[in-house]
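**Student:** Mind looking over this structure? Questions follow.
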Amino acid sequence: MNYQVKDITIAKQGQQTLAWARREMPVLNSIEAEFRKNKPFKGITLALCLHVTKETGILALALREGGARVVLCGSNPLSTQDDVAAALAKEDINVFAWRGISHADYYNCLNRTLDFKPHITIDDGADLISLIHSKRTELLKTVWAGQEETTTGVIRLKAMAKDGALKYPVVAINDTPTKHMFDNHYGTGQSTIDGLLRATNILLAGKIVVVAGYGDCGSGIAKRAQGLGARVVVTEVNPLPALKATMDGYKVMPMKEAAKIGDVFLTATGDKDVLVGEHFKLMKDGAILGNSGHFNVEIKVPDLDKLSKSKKIVRANLEEFTLRDGRHMYLIAEGRLMNLAAAEGHPSAVMDMSFAGQALTCEWLVKNYKKLSPEVYDVPQEIDERISKLKLASMGVKIDTLTPDQQKYLSSWQEGT
Ligand SMILES: NC(=O)c1ccc[n+]([C@@H]2O[C@H](COP(=O)([O-])OP(=O)(O)OC[C@H]3O[C@@H](n4cnc5c(N)ncnc54)[C@H](O)[C@@H]3O)[C@@H](O)[C@H]2O)c1
């Protein structure tokens, strides 16, 4: 057995945490039962670089039940749930992750994961794939394929494919509707507010909450903040989502204007330098800053440091910056994705769908990788349909079926008024 976790003695707590998640993940449970019977991953090593949460734990166990040797490292220094990591280590999962890991150890854990010579890599942010393509190129001979969980990772991989730099096929789990329409929107929407409240416990009613980026994540955050009574302002760089935000009833304006009026600033763009020095200079005393985008580059913390004379931790996951002009600013979880660092990440019920996509795509890749070239692929549509059907059934929701006459009508052009 091979693992490195913070404290193996908390495994029992982790088992309870996993059991709690499992109750909300019926789709993945049914896939696990099928894997247990068919063993699609017998003799196969799967390397997972994901947020080590209770939901990831359920995915890792499902893959293990399918016969895989599973190796797991974290995809962010602040998102590992240590009790879950300990419980997984006790369950034959090779885990290398702990919360608060240093930069050097983070990469050390990625390398130890790759030492197992995986056949398939499953990333959240493309870190394993980047490492294989840069410092661990010897593995390019043995890796069959990869899977990517998040928007930022998919953007990186598509850029690699465009440059001819991608050397093995990857499936963009993020881009499938049962993932991004639910996980990014409802998951990030709810858990970002959860992170904000756990870190600050402020009353949102009446506050001006500025949401940067109105994509799948930002639109979910705006909706939930508004639901709690916040007055929501959206900033965008793309006219289409900006128009959507306007018609959804939010005020849309450039960040330089929003900076002057906001009480809370939440970024979810996948971009860098969304909040920088020129914005901090305009903000009110007491402004709260948080990020839910994948990397900690959306809020330019070095600029905040330059403007400050001191800083101190005032609550768990909340740092107070005292600026030279006497104003204070509050940064949540070092500007790292706050829904995982200051809360527990997405609720299990929504990860049920994302990780069902990961599990079924992994099975599909084992059967099909030889037919693929080094490109970024979509999740096969039949997998997406299967997940929506299973999820609806688990929720007791029934829908209508097309009659043969309706089917004919919808696929023809002759019939009109
Ligand atoms: N925290 C989580 O658990 C979680 C979950 C899913 C995705 N993500 C991450 O969140 C980020 C956003 O994902 P998404 O799926 O919403 O992407 P998306 O592409 O749907 O939306 C991003 C939006 O941000 C806008 N944008 C880009 N630069 C901007 C800027 N400088 N100012 C204002 N708006 C800007 C874009 O025009 C776009 O509309 C990504 O980094 C993704 O990986 C995080």
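**Student:** Conditions: (1) within 25 Å of Cys49 (Cα to Cα); (2) part of a helix (DSSP H, G or I). Arg224 meets all but one. Number of the miss?
**Tutor:** Every listed condition holds for Arg224 apart from (1).
**Student:** Would you mind finding the one in Ser354, Ser348 that is within 24 Å of Gly270 (Cα to Cα), hydroxyl-bearing (Ser, Thr, Tyr), buried (at least 16 other Cβ atoms within 10 Å of the Cβ) and within 13 Å of the ligand (Cβ to nearest atom)? First the steps, then the outcome.
**Tutor:** Details: Ser348 fails: within 13 Å of the ligand (Cβ to nearest atom).
Within the list Ser354, Ser348, the selection yields Ser354.
**Student:** Restricting to region 1-57, name every residue that is more than 19 Å from the chain's Cα centre (by Cα), within 19 Å of Ser388 (Cα to Cα) and not in a helix (DSSP H, G or I).
**Tutor:** Within region 1-57, just Arg23 meets the criteria.
For every residue, the table says whether it meets (1) touching a strand residue (DSSP E or B) at 6+ places or on another chain (Cβ under 7 Å); (2) among the aliphatic types (A, V, I, L, M); (3) farther than 18 Å from Arg324 by Cα; (4) in a helix (DSSP H, G or I).
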site	(1), (2), (3), (4)
Val234	yes, yes, yes, no
Lys244	no, no, yes, yes
His279	no, no, no, yes
Lys311	yes, no, no, no
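**Student:** Against the definition (surrounded by fewer than 24 Cβ atoms within 10 Å (Cβ to Cβ), assigned to a helix (DSSP H, G or I) and either touching a residue at least 60 places away in the same chain (Cβ under 8 Å) or not aliphatic (A, V, I, L, M) (or both)), how does Glu334 come out, yes or no? Step through it out loud before you land on a result.
**Tutor:** Working: surrounded by fewer than 24 Cβ atoms within 10 Å (Cβ to Cβ): yes; assigned to a helix (DSSP H, G or I): yes; either touching a residue at least 60 places away in the same chain (Cβ under 8 Å) or not aliphatic (A, V, I, L, M) (or both): yes.
In short, yes.
**Student:** Restricting the search to region 371-386, which residues are over 12 Å from Val171 (Cα atoms) and touching a residue at least 60 places away in the same chain (Cβ under 8 Å)? Give the derivation first.
**Tutor:** Here is the first cut: in region 371-386, the residues over 12 Å from Val171 (Cα atoms) are 371, 381-386.
Scanning region 371-386 gives Ile383, Asp384.
**Student:** Any idea which of Ile261, Ile221 is surrounded by fewer than 22 Cβ atoms within 10 Å (Cβ to Cβ) and either modelled with pLDDT of 95 or more or closer than 19 Å to Gly335 by Cα (or both)?
**Tutor:** Working: Ile221 fails: surrounded by fewer than 22 Cβ atoms within 10 Å (Cβ to Cβ).
Every option except Ile261 fails the conditions.
**Student:** Which residues, taken from region 156-193, are more than 21 Å from Thr56 (Cβ to Cβ), not in a helix (DSSP H, G or I) and not hydroxyl-bearing (Ser, Thr, Tyr)?
**Tutor:** Start the filter on region 156-193 by keeping residues that are more than 21 Å from Thr56 (Cβ to Cβ), which leaves 158-169, 177, 193.
Then drop every residue that is not not in a helix (DSSP H, G or I), which leaves 163-169.
Correct list: Asp163, Gly164, Ala165, Leu166, Lys167, Pro169.
**Student:** Hey, among Val237, Val210, which residue is within 11 Å of the ligand (Cβ to nearest atom), over 21 Å from Met351 (Cα atoms), aliphatic (A, V, I, L, M) and crowded, with 24+ Cβ neighbours inside 10 Å? Before the answer, list the steps.
**Tutor:** Numbers: Val237 fails: crowded, with 24+ Cβ neighbours inside 10 Å.
Val210 is the lone residue from the list that is within 11 Å of the ligand (Cβ to nearest atom), over 21 Å from Met351 (Cα atoms), aliphatic (A, V, I, L, M) and crowded, with 24+ Cβ neighbours inside 10 Å.
**Student:** Pairs needed: first member in region 199-223, on the phi > 0 side of the Ramachandran plot; second member anywhere, at pLDDT 95 or above and more than 16 Å from the ligand (Cβ to nearest atom); C-beta distance under 8 Å; at least 6 residues apart or different chains.
**Tutor:** Between residues of region 199-223 that are on the phi > 0 side of the Ramachandran plot and residues that are at pLDDT 95 or above and more than 16 Å from the ligand (Cβ to nearest atom), the close pairs are Gly206/Gly229; Gly206/Ala230; Gly206/Arg231.
**Student:** Cβ-Cβ below 6 Å, separation at least six or inter-chain, first residue in region 125-136 and at negative phi and free of Cβ contacts under 8 Å to residues at least 40 places away in the same chain, second in a helix (DSSP H, G or I) and of a type outside the set (Lys, Arg): which pairs?
**Tutor:** Close Cβ pairs satisfying both conditions: Leu131/Leu110; Ile132/Leu139; Arg136/Leu114.
**Student:** Sticking with this structure for a sec: Considering only residues that are surrounded by 11 or more Cβ atoms within 10 Å (Cβ to Cβ), outside any helix (DSSP H, G or I) and not β-branched (Val, Ile, Thr), which ones fall in region 362-401? Write out each step before concluding.
**Tutor:** We begin by selecting, within region 362-401, every residue surrounded by 11 or more Cβ atoms within 10 Å (Cβ to Cβ); these are 362-366, 368-369, 372, 374-380, 383-394.
Imposing the further condition that a residue be outside any helix (DSSP H, G or I) reduces the set to 372, 374-380.
Of everything in region 362-401, those that are surrounded by 11 or more Cβ atoms within 10 Å (Cβ to Cβ), outside any helix (DSSP H, G or I) and not β-branched (Val, Ile, Thr) turn out to be Leu372, Pro374, Glu375, Tyr377, Asp378, Pro380.
**Student:** Additional query: Can you pull out every residue in region 166-199 that is away from the ligand (no atom under 14 Å from the Cβ) and within 12 Å of Val376 (Cα to Cα)?
**Tutor:** Leu166, Lys167, Tyr168, Pro169, Val170, Val171
**Student:** Among the residues of region 128-165, how many are within 14 Å of the ligand (Cβ to nearest atom), within 19 Å of Leu365 (Cβ to Cβ) and not small (Gly, Ala, Ser)?
**Tutor:** Residues meeting the conditions: 6.
**Student:** Quick one: in region 247-283, which of the residues that are of a type in the set (Val, Ile, Thr) and more than 13 Å from the ligand (Cβ to nearest atom) is farthest from Thr150 (Cα to Cα)? Break it down into steps so the answer makes sense when it comes.
**Tutor:** Quick first cut of region 247-283, residues of a type in the set (Val, Ile, Thr) only: 252, 261, 264, 267, 269, 274, 276.
Remaining after also requiring more than 13 Å from the ligand (Cβ to nearest atom): 261, 264.
On the way: Ile261: 31, Val264: 25 Å.
Ranking the candidates gives Ile261 first.
The values are calculated or read from the model by the stated rules, or taken from the named source; none is laboratory data. Quick caveat, the model's predicted, so the values are computed rather than measured. Don't worry about glycine lacking a Cβ; one is built from the backbone with ideal geometry, like all the others, and counts go over all protein chains shown.
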